[in-house]
Amino acid sequence: MAEQTKQDLKELSTALLALDDMLISCMRCGFCMSVCPVYGVTMREADVTRGKITLLENLARHMIDDPEAVNEKLNRCLLCGSCQSNCPSGVKIMDIFLRARSIVARYLGLTPVQKLIFRGMLVRPKLFNALLDLSGKFQKLFIKDASRVVGTSCAPLFAGIIGDRHFPALAKKSFHSKMPSLDTAPGVSGLRVAFFPGCVSDKIFPGVPEAVLRIMEHHGVGVFMPADQSCCGIPALASGDRQTYDRLVRDNLRLFAQGGFDYFLTPCATCSATIKEIWPKLMEGYSPAEQMRIRDLQDQVMDVSQFLVDVLNVSLPERAEGGKRVTYHDSCHLKKSLGVAAQPRAILKGLPGYAFVEMPEADRCCGSGGSFTLYHYGLSKEIGKRKRDNIVSVSPDLVAAGCPACMMQIMDSLSRNNDDIPVRHVAELYAETLK
C-alpha cells in the first residue's frame, strides 16, 4: 500500500508540473470575459477562464486547503471552447481544464454515483444499453408530456431532483436495437465510412443515425458499424475519470481496427471533437500501435454535413424565399473546435420547401455542456434562455443543429417557454429530401 501511495504521489506531482508548463502563456488579457457564457450570467471573475487559470497556478496548495472548493470552481465551466477559439495567445485552455479536472479527481476520488455510472455501466456497453432499453419501457410511469410539438416530457414526481426541466424521453426503440451492426461494401461513390452514432443519438434520437444510414445508402457509400460501441469518453473525462476514459478509447480502437474505411463519421459534434481533438492530445501510456491508430482516426473523423459537402460534393441550389423558416444553431464543438459552419448552412439553404433565416449569436453556447447542465442547471437554464430568445427573434418554424446534446438543451429552453418550435438534426432534414 505504501508503494502504491508513493506511486500515486509521483504521478500527481508529474501531472501538476506538466500543468504548470501549460499555464505560462496566459497573458491575463481578459478577452475570454467577453465570450464566456457562464461569466455572461454571473459576472464573477472566478467563473471566467482567467480566474480559473489563476486558481490553477497554485493548484497543489488550494487542493490541500479546500479540495472541494477547487473542484466546484473547475466544474463551473461548459468546456465549450469559446475562450480558446478567441484567445490571442493561443492558450490550450481545453487541455488545461481537462487535465486539471483529472488531477483534482485523482486527489479527491470519484463519488459513488460517478463510480457506478462510469466504471459500473459506461465501460460495459451491453449492460449500459440493456439498462437504458429497459428504462425506456417503463419511463411512462414517471413522466408526462410537456410539449408534443417540441417533443419533450417532464417528471413532476422528481422535481426535487431534476427541477422543472423538460427533456426528450428515451426512444421507444433505440437505434442499436434496430440496427446492432452494419458492414456494407462501397457503392457508386467508391467510398466506405466507419459510423459512430454516439450515445445520445442511439438512445434518445434514433432518427438521426437512421437518417445518416439512409443518406449513405442513397449516395452509394459503404458503412462499417461494429456492434457494442463504447462511449467516446468525454463524460468520464469531463468528470476527471481518466481511467474510464482510457478504457473507452481503447475499446473503440479495438472495435474499429476490424474494418477498413476512408472516413470516420459521426452525427454528434461532441463525439467528433473528442475523437479528433482530445484523443490525440491524451495519449500518455498508450502503445505505439494505439497512438498510430488515433492519429489515423484524427485525419478521418468528419461531421456528417462536412462529409456531404466537402467529400461527396453535394450541391443544393439556394432556394428562393418562401416555405418553412428554418434557423441554425452552431454547436460549440462543431464550429469552434472543428471549424464546421458553412457546410450545414449550405445544406439548409438548399432544402426544398424551406427558407433559411440566420439567428443572432448563432454560435453562442446554448448552455448544455454535458454534465454541466446536470450539476449547474440554474446557470444552464439562464444561458439557454439567451439562446431561446435569439431563436424566437427570427420567428422560425423549426431549429436545426448538429449536436444531439445541443438539441436536448434547446428543446428544454423552448418547451419551458411554451414555444412550439421543433428541433431537428441537419441530417434528418436532408434525408427527408431524398427520393
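All of the numbers you see were taken from the coordinates with simple rules; none came from a lab. Quick caveat: nothing in here was measured; it's all calculated off a predicted structure. Note that we place each Cβ from the backbone using ideal geometry, even for glycine, and neighbour counts take in every protein chain shown.
Descriptive notes on the structure:
- Extension gain, I161 back to D183 (0.36 nm per residue minus Cα-Cα distance, nm): 3.7 nm
- Beta bridges assigned by DSSP with both partners in the chain are antiparallel in approximately 25 percent of cases.
- Shape class for segment 22-149, computed from the alpha carbon gyration tensor (a ≥ b ≥ c): prolate, with a/c not under 1.5 and a/b above b/c.
- Cα-Cα over 27 Å, subset of K140/K324; K335/K381; K178/K336: K140/K324; K178/K336
- For segment 230-271: rounded, prolate or oblate by the Cα gyration tensor [a/c cutoff 1.5]: oblate
- Taken over the chain, the percentage of Cα pairs per 10 Å bin, counting from 0 up to the bin with the maximum distance, is 4, 21, 32, 27, 13, 2, 0, 0.
- Globularity index of segment 32-71, i.e. its alpha-carbon radius of gyration over 2.2 N^0.38 Å: 1.25
- For the options D65, D241, D228, a Gaussian network treatment of the chain with springs between C-alpha atoms closer than 10 Å singles out D65 as fluctuating the most.
- Only alpha carbons enter this Debye calculation for segment 161-207, each as an equal point scatterer, and the log10 of I(q)/I(0) it gives at q = 0.29, 0.30 Å⁻¹ is -1.04, -1.07.
- Measuring spread by the Cα atoms of segment 371-431 yields a radius of gyration and Dmax of 11.7, 36 Å.
- Projecting the Cα positions of I278, C83, A155 onto the charge dipole of the chain (unit charges on Cβ atoms of Lys, Arg, Asp and Glu, taken about the Cα centre) puts A155 furthest along the positive direction.
- Expressed in Å, the radius of gyration and Dmax of the Cα atoms of segment 229-311 are 12.4, 37.
- Cα-only Debye scattering, segment 144-297: base-10 log of I(q)/I(0) at q = 0.10, 0.13, 0.16, 0.19 Å⁻¹: -0.44, -0.70, -0.96, -1.19
- Charged-residue dipole, Cβ positions (Lys, Arg, Asp, Glu), the chain about Cα centre, Debye nearest 20: 660 debye
- Charge tally for V304 (other residues, Cβ to Cβ under 12 Å; Lys, Arg +1; Asp, Glu -1): -2.
- Net +/- balance of residues flanking M407 in space, Cβ distance below 11 Å, scoring K and R +1, D and E -1: -1
- Convex hull volume per residue, computed on the Cα atoms of segment 191-265, equals 85 Å³.
- The order of L338, L182, going from fewest to most other C-beta atoms within 10 Å of their C-beta, is L182, L338.
- Computed over Cα pairs, the Kirkwood radius of segment 316-431 leads via Stokes-Einstein (1.306 mPa s, 10 °C) to a diffusion coefficient of 112 µm² per second.
- For P156, neighbours were defined as the other residues whose beta-carbon sits under 10 Å from its Cβ, and their charges (Lys and Arg +1, Asp and Glu -1) total 0.
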